Amino acid sequence: MRMKRNYIIDTIIDNGLIAPSSAVIVGVSGGPDSLCLLHALNSIADMYDLVLVPVHVNHMLRPEAYDESMHLGDICERMDLDLRIYEASCKDVADELGISVEEAGRQVRYQIFDEVAAELEESGVPGERIVIALAHNADDQAETVLFRLIRGTGPHGLAGIPTVRMSEGGYLIVRPLLSVERKDIEAYIKENKLKPNIDKSNDENTYTRNKIRNELIPYLEKNYNPKIKDNLRRYAGLAYMDDSLLRDIALADYFDSVEVSGEKEEAVLDITKLKDNPPSINSRIVGMIFELLRLEDSATFENVSAITGLIYSDHPSAGIDLPYGIRARREYDKIIFSGEEEIIKPDESIAIYPRVLMAKEFTPDEDVPYAAFDFDEFNAEYPGRLGDIELRTRREGDYLPMKHGNKKIQDLLVDSKVRKSARDSILMVCIDSEVLWVLPSDYFAGESEKTKGRFSPKFHITNATKRVLLIELDESI
C-alpha cells in the first residue's frame with residue numbers, strides 16, 4: 001500500500017504540471033478525487049514551496065451539502081489550510097441561462113476559480129505563479145469521451161479533457177490526476193485514512209453521465225471489452241494530438257483571414273486563400289468563428305458543414321441563417337457573419353412605481369414583476385435620493401453589482417445572449433450608473449430572465465430588514 005501512496009505523489013511530481021513556488025487554487029468538492037489531490041499536494045507543499053488555496057463551491061442542490069462543507073472545512077483545518085467556501089444556486093443559474101444544472105455548476109465553479117485567482121494576483125502574487133488544480137481522473141476521461149461520442153461530437157470533442165488549458169481569466173488550469181485511475185485514488189484514500197464526502201446522487205442514474213458510469217461502461221466491460229476505459233483514454237490521447245496539430249494550422253489561417261468589427265458580433269472571413277485548404281482546416285476556422293460569436297452550442301456538424309460549403313461553392317452569393325438572429329452570407333470572396341440590421345426600440349408604455357413600506361406590510365403581487373430591497377441599506381448609500389431612481393436603457397459605464405465585484409451591463413447582455421439589435425430595448429432601474437433591476441424581456445435566453453429579469457444582490461432583504469423599497473411596474477401608464 002505504500003507504493004500506492006507514492007504512485008499518486010510521484011505522478012503529480014513527475015508530470016511537472018505544478019512548478020515550485022506556485023500558488024495553487026485547488027478545487028475541492030470533498031469527494032475522494034479532490035480530497036486525494038488536496039492531501040497529496042499538501043504532502044509536498046513544504047518541499048516545493050507551494051501555497052495551497054482550497055476552494056469549495058456549494059451548489060445548493062442537496063440539503064446535506066451544507067454539512068459536507070463544514071466537514072471539508074474541518075479536514076482542511078487539520079491540514080492547516082484555510083478553506084474558502086462559496087455558495088451558488090446552480091438551479092437558479094440554469095433557469096436564468098436556459099442550460100442544464102450540470103453545465104451551470106461547471107460555469108459557476110470556473111468563474112469562482114477565476115475570481116479567486118484574480119484576488120490572489122491583486123494581493124501581489126504574480127499571475128504566472130497562479131495555478132488552478134482540478135481533480136479529474138483517468139476514469140473521468142474515459143466517461144467524457146464516451147459521453148461526447150454518444151452525444152455526437154467532432155474530433156475536438158473526442159480529444160477529451162485537456163491536461164492543461166487556460167481559463168477565461170487567463171490563468172493556468174491543470175489536472176494532475178488525469179492519468180490516475182479511480183481505483184488508485186480509492187487506495188490512496190484508504191491508505192491515508194481520509195474521510196471524503198460521498199455524494200449519493202452519483203449513484204443515481206438521473207443524469208446521462210451517471211448512466212454511462214454506472215450502467216454503460218460496466219456493461220461494455222462485461223460483454224465486449226474489459227479494457228474499454230483504457231481504449232477510450234488511448235483514443236482521446238491520439239485525437240488530442242491530431243486535433244492540436246490541425247487547430248494550430250487552422251489558427252494561423254484564422255488570424256490571417258478573419259477581421260472582427262463591432263462588439264465581436266460581426267466577423268468577415270476572407271476566403272481567397274482558404275479555397276485551397278482541405279475541409280479539415282476550414283471547418284476548424286469556422287468553428288473558431290462560432291466561438292468568437294458565442295455560438296459554441298450551435299456549432300453542430302450541419303451548421304459548420306453548411307458554412308464550410310460556402311467557401312468551396314461556385315456561387316458568389318448565398319446565405320445561411322444561424323441562431324440568435326445571426327446570418328452568414330457569401331459576398332464573392334468574403335463570408336460576412338452579422339446580426340440583424342433593424343434596431344429594436346424600448347417599450348415606452350412601461351413605467352415604475354417605487355415606494356417604501358414597513359417590512360411587515362411587504363406582500364407584493366407575485367404575478368406582477370417587481371424588485372424589493374432593504375430601504376435603510378439603500379438610503380445609507382444614497383441618502384435622500386429615492387426620487388433619483390429612474391427607468392431607462394443602458395448607458396456607458398452602467399454595471400450590475402454581483403456577489404463578487406461588478407459586471408458591466410454590456411457583458412451581462414452578451415452573456416445572456418441578447419442579440420445586438422435588441423440590447424438598447426432592455427429597460428433597467430438605475431441609480432446613477434448602478435443598476436438595481438434589469439427588467440424582464442423576451443430577448444433574454446433564460447426563462448427566469450424573461451419573466452423576472454436580473455436583480456442586484458446589494459441591499460437584499462434579511463430578517464433584520466425594517467423598511468422595504470418596493471419597485472413595481474406602473475400599469476396605469
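Remark: pairs (first residue in the stretch 121-140, farther than 10 Å from Ala23 by Cα; second residue polar (S, T, N, Q); Cβ separation under 6 Å; 6+ apart in sequence or on different chains) = Ala135/Ser34; Ala138/Ser179. Being under 30 Å from Ala40 (Cβ atoms), within 29 Å of the chain's Cα centre (by Cα) and either at pLDDT 90 or above or in a helix (DSSP H, G or I) (or both) is a property that does not hold for Arg247. State whether the residues of the stretch 75-85 include one that is within 18 Å of Asp415 (Cα to Cα), assigned by TED's automatic domain parsing to the domain that holds Gly30 and not hydrophobic (A, V, I, L, M, F, W, C). No. Within the stretch 266-286, the set of residues being farther than 11 Å from Leu246 by Cα, in a helix (DSSP H, G or I) and of a type in the set (D, E, K, R) comprises Lys275, Asp276. Looking across Gly30, Gly16, Gly73, one residue alone is free of Cβ contacts under 8 Å to residues at least 40 places away in the same chain and in a loop (DSSP other than H, G, I, E, B). It is Gly16. Considering only residues in the stretch 38-70 that are in a helix (DSSP H, G or I) and touching a Lys or Arg at 6+ places or on another chain (Cβ under 9 Å), the one that is surrounded by the most Cβ atoms within 10 Å (Cβ to Cβ) turns out to be Ala40.
When the stretch 444-468 is limited to residues that are in a loop (DSSP other than H, G, I, E, B) and among the hydrophobic types (A, V, I, L, M, F, W, C), the one that is surrounded by the most Cβ atoms within 10 Å (Cβ to Cβ) turns out to be Phe444. Of the residues examined, Tyr235 is one that is closer than 30 Å to Asp139 by Cα, in contact (Cβ under 8 Å) with a residue 24 or more places away in the chain and assigned to a helix (DSSP H, G or I).
When Ser89 is tested against (1) within 25 Å of Leu413 (Cα to Cα); (2) of a type in the set (Gly, Ala, Ser); (3) crowded, with 20+ Cβ neighbours inside 10 Å, only condition (3) is not met. Looking for something modelled with pLDDT of 90 or more and surrounded by 13 or more Cβ atoms within 10 Å (Cβ to Cβ) - is there at least one such residue anywhere in the stretch 415-422? The answer is no; no qualifying residue exists. For the stretch 115-129, the set of residues classified as among the small types (Gly, Ala, Ser) and closer than 13 Å to Val55 by Cα consists of Ala117 only.
Entry remark, the stretch 214-257: residues being exposed (fewer than 13 other Cβ atoms within 10 Å of the Cβ), in contact with a helix residue (DSSP H, G or I) (Cβ under 8 Å, 6 or more places away or on another chain) and of a type in the set (Asp, Glu) number 0 in total.
The values are calculated or read from the model by the stated rules, or taken from the named source; none is laboratory data. Bear in mind the structure is a predicted one, so any value in this text is a computation, not a measurement. Because the Cβ atoms are built from the backbone with ideal geometry, glycine has one as well, and the counts that use them run over all protein chains shown.
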